[in-house]
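A.B. asks: Dropping a structure here in structure tokens format, bear with me for questions.
Values in this text are rule-based calculations from the coordinates and carry no lab data. A quick note: this is a predicted structure, and the numbers were derived from the prediction, not measured. Note that we place each Cβ from the backbone using ideal geometry, even for glycine, and neighbour counts take in every protein chain shown.
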Amino acid sequence: MRQTRVIIAHNSVDDDADISTADVLEQVALVELGLKELGVEYDVVAVEGHRVWQAIQPREDTVVFNLVEAPPGAPQLQPASAAVLELLGMPFTGSRSSALWLTTDKLATRAVLASNGLAVAPGGRIWSDNAEILDVVPPPWIIKPGWEDASVGLDGSPVCSGREQALERTRELERRFAGQPLVLEHFLPGREFNVALLDNGRGPQVLPVAEMEFFDYPPDVPPLVTYEGKWIVGSFDDEHTQRHFPADEVDGPLLADVRNLARRAWKVCGLEGYGRVDIRADERGRPCILEVNANPCLSEEAGFVIAAAHAGLTPGSLVGRIIRAALRPQPQPDATVPA
């Protein structure tokens, strides 16, 4: 890595912040650990109110490690920090604003993936006063907010088997996430995989594929990665969900399909630097894409970092790879003013 200075930029975190918001501080700690391992100088900057242009001053020898997430209640602003850094002409880690905009919008992501021939679960947008989609998509259904990440909105009972239950869930989410589109999908019953991808200079390297295993679930409780399972230590979902890395000797053909699907999703969605694609199999065992995550969580306990460690990457080698990807030449905005 060429001699450079790193600014670790993250959104400011209030004392009463939700755990899924406060988690960014653990990501900062992981990046700091990696930079110390590399011997790279850095500063940590908390960005107030998404005002990146006030917090960071452009310098030729600086790269921004972009950990600025959307402020609570405004997930649609996730691409804003990247867009500002693009206008400032500063190199920064992860995906461009266009990819962040696309992958923040679950409905748009589904449309782009499907139009490029990549498998997604049957589904679309649902409103409580226009639920004709329930007549088209077979049950059971999972209903979720269209702009959230980190399993936000996948609490309580997100999977519905009957029409009235689905309408009540829709009305509940419309109250809680006012202004967001809601996504309804057929709930896929098969195995679930998290696929971490890391730029290797020639394209995305697929890190060891992780499978989420759900054990001892009651027959009437659909197994999936809920908000409780992701964030509430000691909850039933937390204690009955575990991650493991299946072997090619056992699941070679399936894992090959999963890896290929994740690589194609990376390309179609325009990811850069690092990303994660969540995949689940349908009734026939066919892998389908659930989510495409640009700039996934980098905390020590997050699936991306665990997959990197399983591949033999230390925090320093992981952080170094992400920064090197950011330092490759990028298109610069035309700052000229037309006559």
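A.B. asks: What are the equivalent ellipsoid semi-axes of the chain, built from the alpha-carbon gyration tensor (square roots of five times its eigenvalues), in whole angstrom, biggest first?
C.D. replies: Values: eigenvalues 219, 107, 77 Å².
Sorted largest first and rounded, they come to 33, 23, 20 Å.
A.B. asks: Between the stretch 94-113 and the stretch 139-217, what is the C-alpha centre distance in whole Å?
C.D. replies: 16
A.B. asks: Rounded to the nearest 10 degrees, what's the angle between the helix 163-176 long axis and the longest principal axis of the chain, both from Cα atoms, 0 to 90?
C.D. replies: 30
A.B. asks: Tell me, VAL64, VAL13 in order of fewest to most beta-carbon neighbours within 10 Å? Display every interim value, and only then the final one.
C.D. replies: Values: VAL64 26, VAL13 17.
Least crowded to most crowded, the residues run VAL13, VAL64.
A.B. asks: On to the next question. I'd like the Karplus ³J(HN,Hα) series for the stretch 150-160: coefficients 6.51, -1.76, 1.60, θ = phi - 60°, whole numbers in Hz, and an x wherever there's a Gly or Pro.
C.D. replies: Once θ is set to phi - 60°, the couplings for the stretch 150-160 become 6, 6, 5, x, 9, 10, x, 10, x, 9, 10 Hz.
A.B. asks: Oh, and also: Dipole magnitude of the chain about its Cα centre, charges +1 at Lys/Arg Cβ and -1 at Asp/Glu Cβ only, in debye to the nearest 20?
C.D. replies: Values: 30 positive and 49 negative charges, 302 e Å.
I would put it at about 1460 debye.
A.B. asks: Also, quick follow-up: For the stretch 9-68 and the stretch 277-327, write down the distance between their C-alpha centroids in whole Å.
C.D. replies: 20
A.B. asks: Then there is this: Which residues' amide hydrogens lie under 5 Å from the amide hydrogen of VAL44, considering only partners 5 or more residues apart or on another chain, with H built in the peptide plane?
C.D. replies: Amide H neighbours of VAL44: ILE8.
A.B. asks: Please label the shape of the stretch 120-186 as rounded, prolate or oblate, based on the square roots a ≥ b ≥ c of the eigenvalues of the alpha-carbon gyration tensor (a/c under 1.5 means rounded; beyond that, a/b larger than b/c means prolate, else oblate).
C.D. replies: Numbers: a/c = 1.43, a/b = 1.30, b/c = 1.10.
Judged from the Cα gyration tensor, the stretch 120-186 comes out rounded (a/c under 1.5).
A.B. asks: Right, here's the next one. Expressed in nm to one decimal, what extension gain is obtained for the pair ARG286 and ARG51 from 0.36 nm per residue of sequence separation less their Cα-Cα distance?
C.D. replies: Numbers: separation 235, 0.36 × 235 = 84.60 nm, distance 4.36 nm.
Full extension from ARG286 to ARG51 adds 80.2 nm.
A.B. asks: Further, regarding this structure: Mind checking the full-extension length gain between ALA311 and SER98? Use 0.36 nm per residue of separation minus the Cα-Cα distance, one decimal, nm. Intermediate results must be reported in sequence, preceding the final value.
C.D. replies: Details: separation 213, 0.36 × 213 = 76.68 nm, distance 2.92 nm.
The span from ALA311 to SER98 would gain 73.8 nm if fully extended.
A.B. asks: A further question follows. Label-point separation (nm) for ASP43 and ARG243, each offset 7 Å from Cα along Cα-to-Cβ?
C.D. replies: Spacing of the two 7 Å Cα→Cβ label points: 3.3 nm.
A.B. asks: Now for a different question. Could you state the angle between the C-alpha long axis of helix 106-115 and the longest principal axis of the C-alpha atoms of the chain, as a value from 0 to 90 degrees rounded to the nearest 10?
C.D. replies: 80
A.B. asks: Now for a separate question. Can you classify the stretch 1-136 as rounded, prolate or oblate using the Cα gyration tensor, where a ≥ b ≥ c are the square roots of its eigenvalues, rounded means a/c under 1.5, and otherwise it's prolate if a/b beats b/c and oblate if not?
C.D. replies: Details: a/c = 2.39, a/b = 1.91, b/c = 1.25.
Judged from the Cα gyration tensor, the stretch 1-136 comes out prolate (a/c at least 1.5, a/b above b/c).
A.B. asks: Here's something else I'd like to know. If you stretched the chain out fully between LEU33 and SER157, how much longer would it get, using 0.36 nm times the residue separation minus the C-alpha to C-alpha distance? Working shown, then result.
C.D. replies: On the way: separation 124, 0.36 × 124 = 44.64 nm, distance 3.80 nm.
Working it through step by step, the gained length comes to 40.8 nm.
A.B. asks: Antiparallel versus total DSSP beta bridges in the chain: what percent is that, nearest 5? Intermediate values should be presented prior to the final figure.
C.D. replies: Numbers: 36 of 50 bridges.
That works out to approximately 70 percent antiparallel.
A.B. asks: Next question, about the same structure. If one takes the longest principal axis of the Cα atoms in the chain, at what angle in degrees, from 0 to 90 and to the nearest 10, does the Cα axis of helix 24-38 lie?
C.D. replies: The angle comes out near 50 degrees.
A.B. asks: Follow-up. What is the set of long-range amide H partners of GLN205 at a cut-off below 5 Å, with H atoms built 1.01 Å from backbone N?
C.D. replies: Under 5 Å from the amide H of GLN205: LEU198, ASP199, ASN200.
A.B. asks: Still on this structure, I have one more. Put a dot 7 Å past each Cα toward the Cβ at ASP129 and ASP61; how far apart are the dots in nm?
C.D. replies: Each label point is offset 7 Å from its Cα along the Cβ direction, giving 6.0 nm.
A.B. asks: Beyond 22 Å between alpha-carbons counts as too far, so tell me which of LYS106/LYS230; LYS230/LYS267; LYS144/LYS230 fall in that bin. Please report the intermediate quantities before stating the final value.
C.D. replies: Working: LYS106/LYS230 19 Å; LYS230/LYS267 27 Å; LYS144/LYS230 16 Å.
Cα-Cα > 22 Å for LYS230/LYS267; rest within.
A.B. asks: Starting at the first residue of the stretch 186-195, write each ³J(HN,Hα) from the Karplus equation 6.51 cos²θ - 1.76 cosθ + 1.60 with θ = phi - 60°, in whole Hz, x for Gly and Pro.
C.D. replies: 5, 6, 7, x, x, 5, 10, 10, 10, 10
A.B. asks: Can I ask one more? Would you work out which of GLY270, VAL137, THR109 lies farthest towards the positive end of the dipole of the chain? Charges go on Cβ: Lys and Arg +1, Asp and Glu -1.
C.D. replies: GLY270
A.B. asks: Taking only the C-alpha atoms, wrap a convex hull around the stretch 189-326 and report its volume per residue in Å³ as a whole number.
C.D. replies: Numbers: hull volume 16.1 nm³, N = 138.
Per-residue hull volume (Cα only) is 116 Å³.
A.B. asks: Which value at 222 nm does the chain reach when only helices count, each DSSP H run of 4 or more adding -39,500 (n - 2.57), with the total divided by all residues and rounded to the nearest 500 deg cm²/dmol?
C.D. replies: Details: 12 runs with 115 residues, N = 339.
The helix-only estimate for the chain comes to -10000 deg cm²/dmol at 222 nm.
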